[in-house]
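K.L.:
I have a structure here, written as structure tokens, and I will follow up with some questions on it.
The values are calculated or read from the model by the stated rules, or taken from the named source; none is laboratory data. Remember, it's a predicted structure, so these values are computed and weren't measured experimentally. Cβ coordinates were reconstructed from backbone atoms using ideal geometry, including for glycine residues, and neighbour counts include every protein chain displayed. Calculation scope for accessible area: heavy atoms of the full protein, side chains included, ligands and nucleic acids excluded. Shrake-Rupley method; radii C 1.70, N 1.55, O 1.52, S 1.80 Å.
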Amino acid sequence: MQAVILAAGEGKRVRPLTRGRPKALLPVGNRPILWYVIDAVVRAGIRDVVVVVGYRKEQVMRFLGSLDLPVRVVVQPHQVGTGDALCCAAHLLTDHFLVLPGDNYIDTASIARVLGETAAVLVKEHPSPSNFGVVLTCGGLVTEILEKPVAAPSFLVSTGVFSLPHEALSCLGSPELTDVVRDYIRTGREVTAVPAGEWADAIYPWDFVALNRLVLSKVHQEVRGEMSREAVIYGNVTIGEGTSIGPFTVISGPVAIGEDCDIGPHVVIGPGVSIGPGCRVGSFTCITDSVVMEGVEVGPFSHLCHAVIGQGTRLGDHTGVVVESRPFPCRGSVVPATFGAVIGDEVRSGPAVTFAQCVVGNSVAIRGHTLVNGDIARKDGSTVV
Amino acid sequence: MCGIVGYIGHRSAAPVILGGLRSLEYRGYDSFGIATLGKNLEVWKKKGKISDAGAVPGNLSGKIGIGHTRWATHGAPSDENAHPHLDCTGTIAVVHNGVIENFLPLRRELEARGHVFTSGTDTEVIVHLIEEQNGADLAVAVELTLKRLEGSYAILAIKAGEDRIVAARRQSPLVIGLGDGEVIAASDMTPLIDYTRSALILEEGDLATITPKGIGVFQGGHPVTRPLREVEWTAEDVRKGGFRHFMEKEIFEAPGVFHAAVKGTTFDEVPLWLRDCTALTLVACGTSYHAGMIFRYLMEEYGRVPVRVDLASEFKYYTPPLSGPVIGISQSGETADTIAALKAAKARNYPTIAVTNVVGSTITRIADFTLMMRAGPEISVAATKSFIAELGVLLALIDMRVGGSLRGHLSGGAQYIETALLADLSDAVALCAPAGHIFFVGRGPFFPAALEGALKMKEISYIHAEGYAAGEIKHGPFALLSPETPVVALCTRGPAYPVMVSNIHEMRARGAPLIVVGDCADLVIEHVADIFIPIPATHPILQVVTASVILQQLAYLTADTLGREIDQPRNLAKSVTVE
């Protein structure tokens with residue numbers, strides 16, 4: 001059994017977070033999504049892993065090089081689709097194989113379900129099916145797959161995890177993998193629809209908050225670093241080496257804090273928070289339900305909730321995040337959304353800035369005492385005064 | 001990081017293992033050793049590189065054997081510390097890759113029971129623990145021993161009188177290749193490829209007994225099956241991990257390397273006489289010399305300590321009057337000139353410090369004190385990540401001198417390097433690739449950064465490149481400027497910014513195409529430059545590092561466009577061990 005993991009696409013819909021890395025490398029629970037996919041594949045007993053890389057391939061290859069398991073890397077020169085990505089890896093496939101998206105969370109149990117099948121797809125119901133390949137089934141067999149239809153005839157979607165026999169490679173040609181499988185079905189072969197267990201995709205950047213929560217539910221208690229005697233920890237919390245937690249800080253799990261962080265006194269963190277390595281959190285700050293990537297500084301007296309903060313961003317003191325539930329414009333359409341803030345890499349914001357359901361681009365500078373809402377600061381490198 | 005190889009079959013084991021170790025040399029190369037089992041257990045181990053090993057001694061005649069190539073962690077590289085390690089009776093031999101975390105208590109306990117240790121390594125406790133299960137079958141003895149170990153390991157063990165190898169792993173890699181009446185086990189696939197294409201990969205906590213006829217795998221004492229896989233890839237592919245060249249791989253390792261170097265150079269570690277010195281001398285060659293020159297600018301500006309930087313090759317023969325400690329910088333720790341210079345300083349009774357990447361290299365034994373770069377093995381001949389690591393160590397020294405006020409900037413450095421790696425250099429490469437001559441200019445600490453940029457360009461693209469202090473251009477090199485000579489200028493905001501801008505204008509007036517690396521959102525520069533490469537506007541000590549990474553990338557991509565032999569440029573060697 002071989003596994004092909006597709007990690008070439010940028011993930012344009014989760015911009016601005018993908019400036020320096022593809023969606024598959026974005027961290028949830030302080031580990032790239034791709035790590036969880038590879039971990040699940042390995043736990044399912046597969047050792048021959050091929051990863052297709054493309055967008056920011058060097059960053060992906062560097063990450064893969066840091067893993068214990070040797071994986072083979074294939075470059076997809078132009079990211080035209082998942083079918084084309086599989087085509088790039090086809091010459092390495094000799095056997096029955098599994099195809100998985102590198103930027104979706106999937107658990108081992110689901111993978112194990114399709115291992116025995118000749119040809120199968122993992123499916124799951126999703127409230128917004130038009131973002132995926134919609135699957136129509138009859139008696140457990142797939143009759144039709146429609147890639148991102150305008151009007152979805154069913155809520156059942158493909159998770160992008162396929163188990164395929166070697167001869168399915170003869171149907172390659174379409175840019176999208178769902179079309180390849182559709183062509184395979186049209187040749188008269190059967191593809192089973194197998195219900196997936198835990199599977200989650202982040203369609204929009206604010207979805208990382210929920211994905212992070214899902215991943216954190218599996219965190220174990222592992223506290224390294226220096227904890228003040230007056231700090232309190234509840235639930236499952238991991239704290240990396242070299243991190244110092246100041247006095248009177250309260251951390252309620254599930255929370256993951258990386259290495260070399262400096263969490264000042266009187267801070268409240270959690271639940272549902274990941275803080276990347278090398279972050280600094282000022283005193284009297286409260287963070288809940290957020291993904292804070294590496295090297296972020298959050299000033300004192302701030303409050304972050306339902307926020308995704310890109311790497312190297314510095315937020316001034318008295319920063320506030322307001323969660324709102326309004327339709328939000330995203331790539332030409334308006335989608336229902338509930339979140340606080342999505343802030344790109346290396347943003348600098350002054351004191352007392354309030355973010356209210358907004359997406360802020362990379363390297364944006366925000367003057368103090370401003371209210372940022374909606375999409376106004378989306379453009380990379382812009383200045384908000 | 002170490003590499004291990006084991007062989008059992010119909011061939012003489014030692015040459016097979018030696019070949020395997022050679023292909024694992026990237027995992028470590030400070031010492032190596034082989035033990036074979038014929039009539040008796042014979043051991044051959046040596047400090048030094050496998051490539052210089054020569055022929056296998058005649059007494060290693062057995063058809064069962066294990067071998068090891070070492071990257072020292074516990075105990076300096078020496079003949080004694082090289083693996084395999086033997087028990088007190090000389091009948092059991094073990095090689096080990098990994099770190100045994102609880103080796104000190106185990107060692108005390110074993111010594112109390114009368115075991116004699118002959119090395120300073122963590123591995124030796126394993127073989128003595130196995131010995132303690134005397135009488136037991138080797139597999140059982142290893143199984144019992146592993147229960148006492150904390151940490152990571154991949155182990156191969158042999159015992160006189162038992163025709164097999166016992167293998168075990170936890171957290172360190174181990175694969176076993178099944179050939180035709182022979183089996184070869186190794187840290188990665190590379191040594192297997194000449195003998196077999198079918199391999200099985202041991203899982204966490206597996207223990208395997210290997211005989212020429214087959215492999216038995218056990219997990220917690222119970223037999224388990226591990227499927228065989230066909231190996232298709234080549235050795236080179238595995239090691240490069242998808243990157244086309246080691247140089248590219250190493251450039252992209254820069255953020256982590258810088259972070260590790262800064263973090264590893266701590267206040268408690270550095271002796272007082274270095275922290276409180278009133279003058280410093282640096283000696284180095286090539287890339288390391290440029291790192292030293294950058295250090296001089298920054299240490300003098302921030303630390304207010306006069307620093308002298310000398311080429312090691314000159315220093316030995318024309319030794320200047322010295323004051324204060326002498327620092328020698330060498331990635332490999334084997335650079336003949338730098339070693340000779342440190343010896344000369346030592347002979348004059350000055351304290352000496354080595355900055356190196358290789359634990360236990362020659363330079364570390366000469367110097368009074370060693371600062372490690374912690375960059376991991378560098379394979380590409382053109383130094384990239386080691387230059388960044390050298391800067392990391394040296395900048396951490398400056399930080400110590402100024403009482404830790406730069407630490408905040410330094411710990412954020414990896415982020416900025418990461419950003420610099422995202423820069424799009426395609427236009428700059430298109431301009432440089434067809435050029436016959438390229439000039440690199442900068443001022444202050446960016447002058448040595450320009451020298452280093454030019455050196456990288458020369459080394460791998462074979463384009464004639466020169467670095468100049470920007471002010472010096474008018475004193476001669478100006479005559480060479482023309483529309484055919486691109487100029488790469490480093491111009492960030494700082495004391496020399498206004499004069500640098502006018503230098504750029506002057507060069508532009510001579511028609512030279514200008515590539516300028518400057519602060520992002522610097523509209524003045526963006527306007528005047530033909531190609532503008534922005535780097536994050538941050539503290540100058542970090543901008544020197546990020547600009548250097550940009551220039552490394554520029555050299556790499558230019559050489560790649562020209563189709564050069566990037567990892568082994570003509571006429572050059574990785575470490576220059578002759579004067």
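K.L.:
What average count of beta carbons from other chains do you get within 10 Å of the Cβ of residues in A:46-54? Before the final figure, lay out each step's value.
P.N.:
Numbers: counts 2, 8, 6, 0, 0, 2, 0, 1, 0.
Per residue, the number of nearby Cβ atoms from other chains is 2 on average.
K.L.:
Follow-up question, since we're still on this one. For B:Arg304 and B:Leu562 in the same chain, what is the full-extension length gain: residue separation times 0.36 nm, less their Cα-Cα distance, in nm?
P.N.:
On the way: separation 258, 0.36 × 258 = 92.88 nm, distance 4.40 nm.
The B:Arg304-B:Leu562 span can extend by a further 88.5 nm.
K.L.:
Let me ask another. Just checking the output field for A:64-70: average partner chain Cβ neighbours within 10 Å of each residue's Cβ? Write down the numbers at each step before the final one.
P.N.:
Values: counts 2, 8, 3, 1, 5, 2, 12.
Average neighbour count from other chains, rounded to a whole number: 5.
K.L.:
Chains A and B: how much accessible area gets covered up at their contact, both sides added, probe 1.4 Å, in Å² to the nearest hundred? Provide the component values of the computation, followed by the final result.
P.N.:
Values: alone 15400 and 22170 Å², together 35270 Å².
Approximately 2300 Å², summed over both chains.
K.L.:
List the pairs from B:Lys45/B:Lys456; B:Lys49/B:Lys249; B:Lys39/B:Lys213; B:Lys47/B:Lys346; A:Lys218/B:Lys263; A:Lys218/A:Lys379 whose alpha-carbon separation is above 27 Å, in the order I gave them.
P.N.:
Values: B:Lys45/B:Lys456 37 Å; B:Lys49/B:Lys249 23 Å; B:Lys39/B:Lys213 20 Å; B:Lys47/B:Lys346 25 Å; A:Lys218/B:Lys263 30 Å; A:Lys218/A:Lys379 36 Å.
Check vs 27 Å cut-off fails for B:Lys45/B:Lys456; A:Lys218/B:Lys263; A:Lys218/A:Lys379.
K.L.:
Further question: Between B:Cys88 and B:Asn59, what FRET efficiency follows from the Cβ-Cβ distance if R0 is 22 Å, with the result rounded to 0.05? Kindly include the intermediate steps, with their values, before the conclusion.
P.N.:
Working: r = 21 Å, r/R0 = 0.96.
After rounding to 0.05, the efficiency reads 0.55.
K.L.:
How many nm separate the modelled label positions at A:Leu172 and B:Ser152, each set 7 Å beyond the Cα in the direction of the Cβ?
P.N.:
3.4
K.L.:
Mind ranking A:Asp68, B:Asp560, A:Asp48 by accessible surface for me, highest first, 1.4 Å probe? List each step's numbers first, then the result.
P.N.:
On the way: A:Asp68 75, B:Asp560 45, A:Asp48 20 Å².
Ranked from most to least accessible, the order is A:Asp68, B:Asp560, A:Asp48.
K.L.:
List every residue whose amide H lies under 5 Å from the amide H of B:Ile64, counting only residues 5 or more places away in sequence or on a different chain, with H placed 1.01 Å from N in the peptide plane.
P.N.:
For B:Ile64, the qualifying residues are B:Ala13, B:Leu37.
K.L.:
Where the accessible area of the range A:2-203 is counted over protein heavy atoms with a 1.4 Å probe, how much of it, in %, is carbon and sulfur? Don't skip to the answer; put the middle values down first.
P.N.:
Working: 3740 of 7120 Å².
Here carbon and sulfur together make up 53 percent of the probe-accessible area.
K.L.:
With a 1.4 Å probe and all protein chains in place, put B:Asp52, B:Asp30 in order of accessible area, largest first.
P.N.:
Details: B:Asp52 115, B:Asp30 15 Å².
If we order B:Asp52, B:Asp30 from most to least accessible, we get B:Asp52, B:Asp30.
K.L.:
Hey, another quick one. I need to check one value: relative contact order of the range A:219-384, counting alpha carbon pairs closer than 8 Å and at least 6 residues apart, in percent.
P.N.:
12
K.L.:
Report, in whole Å, the centroid distance computed from the Cα atoms of the range B:296-369 and the range A:314-385.
P.N.:
Answer, in whole Å: 51.
K.L.:
Next up: How long is the gain from B:Ser502 to B:Thr225 if the chain were fully straight, where each residue apart is worth 0.36 nm and the alpha carbon distance is subtracted?
P.N.:
My answer for the length gained is 92.5 nm.
K.L.:
To the nearest 20 debye, what is the magnitude of the charge dipole of the range B:468-538 about its Cα centre, counting +1 on the Cβ of each Lys and Arg and -1 on the Cβ of each Asp and Glu?
P.N.:
Numbers: 4 positive and 7 negative charges, 29 e Å.
I would put it at about 140 debye.
K.L.:
If you plug each phi of the range A:129-142 into the Karplus form 6.51 cos²θ - 1.76 cosθ + 1.60 with θ = phi - 60°, what whole-Hz ³J(HN,Hα) values come out, in order, with x for Gly and Pro?
P.N.:
Result, rounded to whole Hz: x, 5, 7, 10, x, 8, 10, 10, 10, 8, x, x, 10, 7.
K.L.:
Calculate the mean, over all residues of peptide B:242-255, of how many other protein chain Cβ atoms lie within 10 angstrom of the residue's Cβ. Don't skip to the end; give the middle numbers.
P.N.:
Values: counts 14, 6, 2, 0, 0, 0, 2, 4, 0, 1, 6, 3, 0, 1.
Taking all residues of B:242-255 together, the mean is 3.
K.L.:
Once you have a ≥ b ≥ c as the square roots of the Cα gyration tensor eigenvalues for the range B:29-151, tell me rounded if a/c is under 1.5, and otherwise prolate or oblate according to whether a/b is larger than b/c.
P.N.:
Cα axes put the range B:29-151 in the oblate bin.
K.L.:
Would you grab the residues whose amide H sits under 5 Å from the one on A:Gly133? Only those 5+ places off in sequence or on another chain, please, with H modelled 1.01 Å from N.
P.N.:
For A:Gly133, whose amide H was placed from the backbone, the distant partners under 5 Å are A:Lys148, A:Ser158.
K.L.:
Let me ask you something else. Can you give the net charge of the other residues whose Cβ lies under 12 Å from the Cβ of A:Val14, counting K and R as +1 and D and E as -1?
P.N.:
+3
K.L.:
Ignoring everything except DSSP H segments at least 4 long, calculate the 222 nm mean residue ellipticity for chain A; use -39,500 (n - 2.57) per segment, divide by total residues, nearest 500.
P.N.:
Details: 6 runs with 55 residues, N = 385.
Per the formula, -4000 deg cm²/dmol.
K.L.:
Can you list, bin by bin at 20 Å, the percent of alpha carbon pairs in chain B, starting at 0?
P.N.:
Bins of 20 Å from zero give 20, 45, 28, 6, 0 percent of pairs.
K.L.:
Tell me, what ³J(HN,Hα) does each residue in the range B:188-198 have, in order and in whole Hz, if you take phi through Karplus 6.51 cos²θ - 1.76 cosθ + 1.60 with θ = phi - 60° and put x for Gly and Pro?
P.N.:
Calculated HN-Hα couplings, in order: 9, 5, 4, x, 6, 4, 6, 10, 7, 10, 9 Hz.
K.L.:
Provide the net charge surrounding B:Thr362, with neighbours chosen by a C-beta distance below 11 Å and charges set as Lys +1, Arg +1, Asp -1, Glu -1.
P.N.:
Charge balance in the 11 Å sphere: +1.
K.L.:
Using a 1.4 Å probe, how large is the accessible area of B:Ile17, given in Å² and rounded to the nearest 10?
P.N.:
0
K.L.:
Under 5 Å between amide H atoms, partner at least 5 residues away or on a different chain: which partners does A:Thr243 have, H built in plane at 1.01 Å?
P.N.:
Close amide H contacts, sequence-distant or interchain: A:Gly225, A:Glu226, A:Asp260, A:Cys261.
K.L.:
I would also like to ask the following. Taking Cα atoms, how many degrees apart are the long axis of helix B:446-461 and the longest axis of chain B, rounded to 10 and kept between 0 and 90?
P.N.:
In chain B, helix B:446-461 runs at an angle near 60 degrees to the longest axis.
K.L.:
On a 0 to 90 degree scale, rounded to 10, what angle separates helix B:13-23 from the longest Cα axis of chain B?
P.N.:
20
K.L.:
Also: Could you tell me what % of all Cα pairs in the range B:243-411 have separations over 21 Å? Don't skip to the answer; put the middle values down first.
P.N.:
Details: 5878 of 14196 pairs.
Of all Cα-Cα pairs in the range B:243-411, 41 percent lie more than 21 Å apart.
K.L.:
Keeping the other protein chains in place, figure out the carbon and sulfur percent of the accessible area of the range B:421-579, with a 1.4 Å probe.
P.N.:
Numbers: 3480 of 6150 Å².
Summing carbon and sulfur atoms, their accessible area is 57 percent of the total for the range B:421-579.
K.L.:
Using the Karplus equation 6.51 cos²θ - 1.76 cosθ + 1.60 (θ = phi - 60°), what ³J(HN,Hα) coupling, rounded to whole Hz, does each residue of the range A:245-253 give in order, writing x for Gly and Pro?
P.N.:
Values per residue, Gly and Pro as x: 10, x, x, 6, 7, 10, 10, 10, x Hz.
K.L.:
Given a Förster radius of 41 Å and the C-beta distance between B:Phe478 and B:Val402 as r, what FRET efficiency does 1/(1 + (r/R0)^6) yield to the nearest 0.05? The partial results should precede the final answer.
P.N.:
Details: r = 38 Å, r/R0 = 0.92.
It comes to 0.60.
K.L.:
Given only helices, namely DSSP H runs of n ≥ 4 each adding -39500 (n - 2.57), what is the per-residue ellipticity at 222 nm of chain B, to the nearest 500 deg cm²/dmol?
P.N.:
Working: 20 runs with 195 residues, N = 579.
Roughly -10000 deg cm²/dmol at 222 nm, from the helical runs in chain B.
K.L.:
Expressed as a whole percent, how much of the Cα-Cα distance distribution for the range B:135-190 exceeds 20 Å? Write down the numbers at each step before the final one.
P.N.:
Values: 471 of 1540 pairs.
Value for the range B:135-190: 31 percent of Cα pairs lie more than 20 Å apart.
K.L.:
Which FRET efficiency value, to the nearest 0.05, do you get for B:Arg348 and A:Val75 by plugging their Cβ-Cβ distance into 1/(1 + (r/R0)^6) with R0 = 45 Å? Don't skip to the answer; put the middle values down first.
P.N.:
Values: r = 55 Å, r/R0 = 1.22.
Result of the calculation: an efficiency of 0.25.
K.L.:
To continue, here is another question. Give the distance, in whole Å, between the Cα centre of the range B:111-140 and the Cα centre of the range B:471-491.
P.N.:
Cα centres, the range B:111-140 to the range B:471-491: 67 Å.
K.L.:
A further question on this structure: Multiply the residue gap between B:Asp276 and B:Ala521 by 0.36 nm, knock off their C-alpha separation, and tell me the result in nm, one decimal place. Walk me through the numbers on the way to the answer.
P.N.:
Numbers: separation 245, 0.36 × 245 = 88.20 nm, distance 3.99 nm.
Roughly 84.2 nm would be gained on extension.
K.L.:
Specify the inter-centroid distance of the range B:58-105 and the range A:1-76, based on alpha-carbon positions, in whole Å.
P.N.:
Distance between centres, Cα-based: 36 Å.
K.L.:
When the Cα atoms of the protein assembly as shown are enclosed in a convex hull and the volume is divided per residue, what value in Å³ results? Could you put the intermediate results ahead of the total?
P.N.:
Numbers: hull volume 172.7 nm³, N = 964.
Enclosed volume per residue, from the Cα hull, is 179 Å³.
K.L.:
Now a separate question. Rounding to the nearest 10 and keeping the result within 0 to 90°, find how far the Cα-based axis of helix B:286-298 lies from the longest principal axis of chain B.
P.N.:
Long axis of B:286-298 versus the principal axis of chain B: about 60 degrees.
K.L.:
What's the ranking of B:240-252, B:121-133, B:540-552, A:331-343 by average number of surrounding C-beta atoms within 10 Å, highest first?
P.N.:
Working: B:240-252: 22.1, B:121-133: 23.6, B:540-552: 25.5, A:331-343: 17.8.
Per-residue Cβ counts within 10 Å, averaged per peptide and sorted highest first, yield B:540-552, B:121-133, B:240-252, A:331-343.
K.L.:
Starting from the Cα of A:Leu67, step 7 Å along the direction of its Cβ; do the same at A:Arg331; then give the gap between the two resulting points in nm.
P.N.:
Inter-label distance under the simple model: 2.5 nm.
K.L.:
Please report, to one decimal in angstroms, the Kirkwood hydrodynamic radius of the range A:2-203 built from all distinct Cα-Cα pairs. Each step should come with its number before you reach the end.
P.N.:
Values: mean 1/r = 0.0599 Å⁻¹.
By the Kirkwood definition, the hydrodynamic radius is 16.7 Å.
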